[in-house]
Each structure stands twice: as structure tokens, then as C-alpha cells.
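Comments concern the structure below.
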Amino acid sequence: MEFTSGEGERKYAALVRAAAEAVVGLDFDGTLSPIVDDPDEARIHPDASDVLVDLAEQVNAIAVVTGRPARQALDLGGLEDVGRAIGDAGKELYLFGQYGNERWSSTNRRVISPRPPPGLAAFERDLPRTLRLADAADAFVEDKGLAVAVHTRRLADRESAFERLLPAVRELAKQHGLIVEPGRNVIEIRSAGMHKGLAVETIVAELQAGAFMFAGDDLGDLEAFEAVRALDRAGMPTLLVCSASTEESALIDLSDVVVKGPEGVLDLLRQLTADARELRA
């Protein structure tokens, strides 16, 4: 791992000291799971399960906060099994899906989800025309139930297609009372009123967290980073971790630690586990 400053090292040390009160928040894609062209083929890093179970013994709780539907993240990540193992250790795993609109925990093992937002069905009906006009008719459209994601990763000109599509999709979303969340070669369209920052605030309040770490990789994690920075300003020990890639660097300047993708995230979590365990010994 690479600290972005001496302040980052200080923050890590403070998090280790407060580990028993800390919640560790983690994005899914690009953080626990490598980015792939087909989102249905994403899988959690093979070492993640063991790392998370070991970490859970040293912290207050672990929360996965993702833009994916909760059920999809549970299945792709094998998180129900991870949650069961964490529960056996007397701790809890939380999952906030679709930016916090859906919730699941290893204690209450059912997904709690609201109804789809008004305007989403009409948006989906009008979307194919927008894709054709932007010369991106072959973009992959993912129906997430509470949101729609338009992926350009499979296109030959994926980056330029993304740039062409973003303003057109943003305008269409506005017409239907929806908001746009751009990511790595993906544009997500969903309702306003919920984002990862609010999920962080909910986790802190409900778990009475005394410290907070969050690891993410792209613009969809920006609100979570801002919420954690607010906790830091209020005096709480915090740590912001960027799972960096060659495709996205927006979070680097906001981070205390920069690591290389999911493998780097897991190395950091291993180190946090070992340092917290040694301090307790």
C-alpha cells in the first residue's frame, strides 16, 4: 500500500488503535471484485472470503456498499457464506445494494428493497432511440430493478462512446425525473435521494461506529468518500482507500492510501487485521 502523505500514515495508525469500534466499508466492483467486460461474470477475489472473516474478528462490523442489486452481489460474491462465517465469530456482515436502496445483513438474511422509481419504465422505453442517435446502439443495457446501467465496455470505441452517451443519457434521465451516476465505462440511471454517502451515515448511526474506513475505486464512491471526510472533520478516526486502476483516478487525490486493485485492497485488510491483532495481544 502507498500512503498519499504522512497524514495518511497517522490516520492508519489511529484506525488500528480504534479497530474494535471501526466499521470497514467496501465497494464491490473494482474493490473486492476485478472489473470485467460482462458484469454478470464478475466474481469476488478468491482470497476475499478468508480475508473478510479474519478481519471481522478485529473490527465492529464490515459493510459492502455497492451499486449492484443486493441479491446479485450476494450471489456473485458468495457473501451469504461469508456472512455465515462472520456470524459464527460473533460479528456481522452488512450489504447495502443499489447505492443503499437495498439492505441485507448476515443476521436478517433477506433483502429489503423499495419499489422501482417513477419514470424508470418510461426511461427504458425511450433509451434505445437515444443509444441509436449516439451511435452506440450495441451498448449493453443492464436492468437492475431499481436502476438501469448502460455499459460501453464491450464496444470497440468504449471510451469515446461513453463520452458521446453521457450528455444524451443525462438529458433523457432529466426528462424522467432520474439522476445519472457515471462510472468506469458505465452510466447508471436511478432515482435521486439515495447514494453511498447516505449509506455511510446510516451505518455509522445504527452501529454507533467509533471509526470508519472506506475503500472504493470510481466516481460512484465519491459521496461515500465525502461522508467519511465529514466524519474525519468531526474527530472520528477514518481512512479512505483508493483501489486504483489505469482507467479511473478520480479518487486518488481524496485518499489516504492508494492500492492496486482488489489484490491491493486485500493486502491492506490483511495488514489491518494483523496490526489490530498485535495491538490487542
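The values are calculated or read from the model by the stated rules, or taken from the named source; none is laboratory data. Treat the numbers as computed from the prediction; the structure is a model and nothing was measured. We place every Cβ from the backbone using ideal geometry, glycine too, and count neighbours over all the protein chains shown. Note: accessible area is taken over every heavy atom of the protein model, side chains too, but ligands, DNA and RNA are not part of it. Shrake-Rupley method; radii C 1.70, N 1.55, O 1.52, S 1.80 Å.
Spacing of the modelled spin labels on D138 and K174, each 7 Å from Cα toward Cβ, amounts to 3.1 nm. Kirkwood radius, segment 162-281, all distinct C-alpha pairs, inverse of mean reciprocal distance: 16.0 Å.
Taking only C-alpha pairs under 8 Å that are 6+ residues apart, what is the relative contact order of the chain in percent?
Values: 546 pairs, mean separation 68.5, N = 281.
RCO, the chain: 24 percent.
The phi torsions of segment 80-96, fed into the Karplus equation with coefficients 6.51, -1.76 and 1.60 and a -60° offset, translate into couplings of 5, 5, 4, x, 5, 5, 5, x, 5, 8, x, 10, 9, 10, 10, 10, 10 Hz, rounded to whole numbers, with Gly and Pro shown as x.
Shape of segment 78-202 from its Cα gyration tensor (a ≥ b ≥ c, root eigenvalues): rounded if a/c is under 1.5, otherwise prolate when a/b > b/c, or oblate? Spell out each step's value before the answer.
Numbers: a/c = 2.78, a/b = 1.98, b/c = 1.41.
Prolate shape, in that a/c is at least 1.5 and a/b is the bigger ratio.
Of the listed residues K144, K260, the order by accessible area with a 1.4 Å probe, largest first, is K260, K144.
In the chain, helices alone account for a calculated mean residue ellipticity at 222 nm of -13000 deg cm²/dmol, with every DSSP H run of four or more residues adding -39,500 (n - 2.57). Helix 120-133 and the long axis of the chain differ in direction by around 60°, with both axes built from C-alpha atoms. Counting only residues at least eight positions apart within a chain, or on another chain, the aspartates and glutamates with an alpha carbon under 18 Å from that of K91 are E21, D50, D54, E57, E80, D81, E206. Taking the Cα atoms only, what angle lies between the long axis of helix 6-17 and the longest principal axis of the chain, rounded to 10 degrees? Its long axis makes an angle of about 60 degrees. Surface analysis of segment 15-162 yields an accessible area of 42 Å² per residue, using protein heavy atoms and a 1.4 Å probe.
Of the accessible area of the chain, computed with a 1.4 Å probe over protein heavy atoms only, carbon and sulfur atoms account for 48 percent.
With the simple spin-label model, which puts each label point 7 Å out from Cα in the Cβ direction, the E9 to D253 separation comes to 2.5 nm. So how tilted is helix 196-207 from the main axis of the chain? Cα-based, degrees 0 to 90, rounded to 10. Taking Cα atoms only, the helix is inclined about 30 degrees. Listed by chain and number, the lysines whose C-alpha is less than 25 Å from the C-alpha of K174, apart from same-chain residues fewer than 8 away, are K144, K196.
Under a 5 Å amide H to amide H cut-off, with H placed in plane at 1.01 Å, what residues pair with T238 once short-range neighbours are removed? Distant-sequence amide H within range of T238: F212.
Could you work out the relative contact order of segment 73-202, using alpha carbon pairs under 8 angstrom and six or more residues apart, expressed as a whole percent?
Numbers: 174 pairs, mean separation 26.9, N = 130.
21 percent.
Compared with the direct C-alpha span, the chain from R270 to V36 gains 81.8 nm at full extension, assuming 0.36 nm per residue. Exposure check, 1.4 Å probe, all protein chains in place: E92 carries approximately 40 Å² of accessible surface.
In the distance distribution for the chain, Cα-Cα pairs more than 26 Å apart total 40 percent.
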